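For reference, the structure is listed below as structure tokens.
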């Protein structure tokens, strides 16, 4: 009997040893081993697409494997996000999504996925402030003057955005609540048609991204009266922040972050995040993003997860207070 037990113990130890070697070998596999797909849940040509393509170029050079961008737009980013959850959790399918990823989890109660539990946060890549702009004919050159104008014409001024529940929409709702004014909300299907109507004078104001806005403000076709970050834009330091205009706690913007499906191995997550940070530090990347008023971030997965939790709580309050619903 003792001999049998000894033989069984040796066999078990051998099996365990083989399993450990196999696990170690798997962990030692280089990443990536094939093409990496970066899903952008918005149409080509927008800020998320531009950022993803810039990163994919640098990561392709670093990894020696193709990093390709796949635009899967629709349903405010939900279709592309859902596609990510169905991919293998090995780091070869990534999602570059906007802060609407968090907002959608609040607005859409019947999503086929959980925006927090079904994803692995890797890093916030970059962000931009919104620019609070008005048509040049509007008789307001400062935040205070705009508020006074809105209070003198309650319910008559209009403010547009790229869609219900978008960061620009929520920035406007936060501003309305903070300033105690009533403005008519006009949602569009994208920032381009909203921008067109603002240029044509059909809209009074808009919270828009700097990439789309700076050329028009420089040409005098729009007037920027404030930006929504903690600090002024480096590329337009003459524009004050909403915070320094009398509302010190006001801050809003849009960030873009990199996710994987749930349960991507920690070692893979660390490599992706570290190499994204290296790409963001390159001089040409810094120059290109800085010229368009982007702020690079590159935080850790834990820090990114904390941002998601905090924003879920804060935007939930704004959405509930404003009674925002999607049809």
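Any read-out appearing in this document is the output of simple, stated calculations on the displayed coordinates, not a laboratory observation. Fair warning: this is a prediction, and the values are worked out from it, not measured in the lab. With ideal geometry, Cβ positions are generated from the backbone for all residues, glycine too; neighbour counts draw on all protein chains shown.
At 7 Å along the Cα-to-beta-carbon direction for both residue 184 and residue 137, put a label point, then send me their distance in nm to one decimal.
So the two model labels end up 1.4 nm from each other.
Is the shape of the stretch 231-314 rounded, prolate or oblate, going by the alpha carbon gyration tensor and its root eigenvalues a ≥ b ≥ c, with a/c under 1.5 for rounded and a/b larger than b/c for prolate?
Judged from the Cα gyration tensor, the stretch 231-314 comes out oblate (a/c at least 1.5, b/c at or above a/b).
Kindly identify the stretch 131-245 as rounded, prolate or oblate by the Cα gyration tensor criterion: order the square roots of the eigenvalues as a ≥ b ≥ c, call it rounded if a/c is under 1.5, otherwise compare a/b with b/c, prolate if a/b is larger, else oblate.
Rounded shape, in that the Cα axes give a/c under 1.5.
Using a basic spin-label model with each label point 7 Å from the Cα along Cα→Cβ, how many nm lie between residue 317 and residue 156?
Taking the two extended label points, one gets 3.3 nm.
Stretched out fully, how many nm does the piece from residue 44 to residue 66 gain, at 0.36 nm a residue minus the Cα gap? Write out the running numbers ahead of the final one.
On the way: separation 22, 0.36 × 22 = 7.92 nm, distance 1.87 nm.
6.0 nm is the gain from fully extending residue 44 to residue 66.
Determine the percent antiparallel among the DSSP beta bridges restricted to the chain, to the nearest 5.
Taking every DSSP beta bridge with both residues in the chain, the antiparallel ones total about 60 percent.
How high is the FRET efficiency between residue 35 and residue 177 when r is their beta carbon distance and R₀ equals 30 Å, given to the nearest 0.05?
0.05
Distance between Cα centroids, the stretch 259-286 to the stretch 93-165: provide it in whole Å.
The distance from the Cα centre of the stretch 259-286 to that of the stretch 93-165 comes to 26 Å.
Determine the relative contact order of the chain: mean sequence separation of Cα pairs under 8 Å and six or more apart, normalised by residue count, in whole percent.
24
Please give the helix 167-179 orientation as an angle from the longest Cα principal axis of the chain, in degrees from 0 to 90, rounded to the nearest 10.
That helix lies at roughly 50 degrees to the long axis.
At 0.36 nm per residue, minus the direct Cα-Cα distance, what do residue 192 and residue 267 gain on full extension? Give it in nm, one decimal, please.
Going from the current span to full extension adds 23.0 nm.
At a Förster radius of 45 Å, what calculated FRET efficiency corresponds to the Cβ-Cβ distance of residue 145 and residue 108, to the nearest 0.05?
0.75
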